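The next block holds one structure in the form of structure tokens; read it before the comments.
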Amino acid sequence: MEDIYINHLAVFAAAVSDFFVGALWYSPILFYKGWMDANKFTEEDLKKGSPAVTFGFTFILSLIISYNLAFFLGDAQTDALWGLQAGLLAGFGWAAMAFAIISLFEKKSLKYILINCGYIVVSFTLKGFIIGAWR
């Protein structure tokens, strides 16, 4: 088995990057209204639940995703470009396609699928770039 190098600070930063991408992606500047419409959410719906629980679990799951990607990118030859490419391939080819399949069976709209799959692809691509660049 070859040696695997993981920069734990890069993995942490990659997990945190999900919050920045999400804050922009689902903001009024980009897809907030479309996302709300696609989910049939109201402002009151968004106030339900515990933000601490939602964001806490989101961070844990993002950290797991980031570590998983870091293991795939753990080769000594990994650089920013390969990290970006691998993140894009994993985000588009695996995560977004799996999400789209589930969404199709749930009878979700194309708008819903495209908005959320777009977020997945961008977030994975950024994670790969961070992990690849921060060696």
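See the values below:
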read-out	value
Selection status of Ala76, out of contact with any His (no Cβ under 7 Å at 6 or more places or on another chain), on the phi < 0 side of the Ramachandran plot, among the small types (Gly, Ala, Ser) and not in a helix (DSSP H, G or I)	yes
Answer residue from the stretch 54-78, given it is small (Gly, Ala, Ser) and over 17 Å from Val121 (Cα atoms) and is surrounded by the fewest Cβ atoms within 10 Å (Cβ to Cβ) among those	Ala76
Pairs with Cβ under 6 Å, 6+ apart, first in the stretch 105-116 and touching a residue at least 40 places away in the same chain (Cβ under 8 Å), second of a type in the set (Gly, Ala, Ser) and surrounded by 14 or more Cβ atoms within 10 Å (Cβ to Cβ)	Ser109/Ala38; Lys111/Gly34; Lys111/Ala38; Tyr112/Ala38; Ile115/Gly34
Count - residues of the stretch 95-135 that are at pLDDT 95 or above, over 12 Å from the mean Cα position of the chain (by Cα), under 30 Å from Gln77 (Cβ atoms) and surrounded by fewer than 19 Cβ atoms within 10 Å (Cβ to Cβ)	4
Conditions (1) modelled with pLDDT under 95; (2) closer than 19 Å to Gly83 by Cβ; (3) in a helix (DSSP H, G or I); (4) not charged (D, E, K, R): number failed by Leu46	(2)
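The values are calculated or read from the model by the stated rules, or taken from the named source; none is laboratory data. Model, not experiment: these values are computed from the prediction. So basically every Cβ, Gly included, is an ideal-geometry build from the backbone, and we count neighbours across all protein chains shown.
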